[in-house]
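The values are calculated or read from the model by the stated rules, or taken from the named source; none is laboratory data. Only a predicted model underlies this, so the values are computations on that prediction, with no experimental measurement involved. All Cβ positions, even for glycine, are placed from backbone atoms using ideal geometry, and neighbour counts span all protein chains on display.
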Amino acid sequence: MAHHAIIYGRINGATWKTEDFYKLHQLNLSVINSLPENDTDFPYINKSMFSIPDDQGTFRNQVITFGASYKSLEYEWHLWIEKFESILKKLFWFDVIIHAEFEMMGTYNYQWSVDNDQLNNWYKKSPDPISEWNFESNGPRSFLNELNSNH
């Protein structure tokens, strides 16, 4: 029997120095636009799952929203997090919040916060995306132990 999961949240996109305030926003937009139209490897993460407002919906910080529903994601949750974090490593952001509602496993919140040592690199001529962060959650990164103990 399949169970459903609903995953949604937002990425709080960073701003750059005042000479080109929206430079990091444009770089984030390029990353999201480069995601596949159709992902061939479950758990799927594709371009249509993200939304980025235009200039009228952006004051300082860029809010990139995300949402999708999945079949039986609890078995592959650890892979979804790895895949999502590989996207985060290409983006410029301050923090990320994901809400995960699993029919079988419950509801959890996941949060990534930029490591403060990363902030200075954004002022370089060619800034680097976030590569280190702090992770907090009231849920597991993997449900495999719980799922295996129920069988």
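Looking at the range 15-52 only, could you name the residues that are under 14 Å from the mean Cα position of the chain (by Cα) and small (Gly, Ala, Ser)? Selection gives SER48, SER51. Restricting attention to the range 1-20, the residues that are touching a helix residue (DSSP H, G or I) at 6+ places or on another chain (Cβ under 8 Å) and surrounded by 15 or more Cβ atoms within 10 Å (Cβ to Cβ) add up to 7.
For (1) touching a Ser or Thr at 6+ places or on another chain (Cβ under 8 Å); (2) over 16 Å from LEU27 (Cα atoms); (3) of a type in the set (S, T, N, Q), each residue gets a yes or a no:
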| position | (1), (2), (3) |
| --- | --- |
| ILE64 | yes, no, no |
| TRP93 | no, no, no |
| ILE97 | no, yes, no |
| ASN109 | yes, yes, yes |
| ASP117 | no, yes, no |
| ASN120 | no, yes, yes |
| TRP133 | yes, yes, no |
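Looking across the range 21-56 at every residue that is of a type in the set (D, E, K, R) and within 19 Å of LYS90 (Cβ to Cβ), the one that is surrounded by the fewest Cβ atoms within 10 Å (Cβ to Cβ) is identified as GLU37. Take the conditions closer than 26 Å to GLU132 by Cβ, at pLDDT 95 or above, out of contact with any Pro (no Cβ under 8 Å at 6 or more places or on another chain) and hydroxyl-bearing (Ser, Thr, Tyr) and apply them to SER48. Does it pass? Judged against the criteria, SER48 is not a match.
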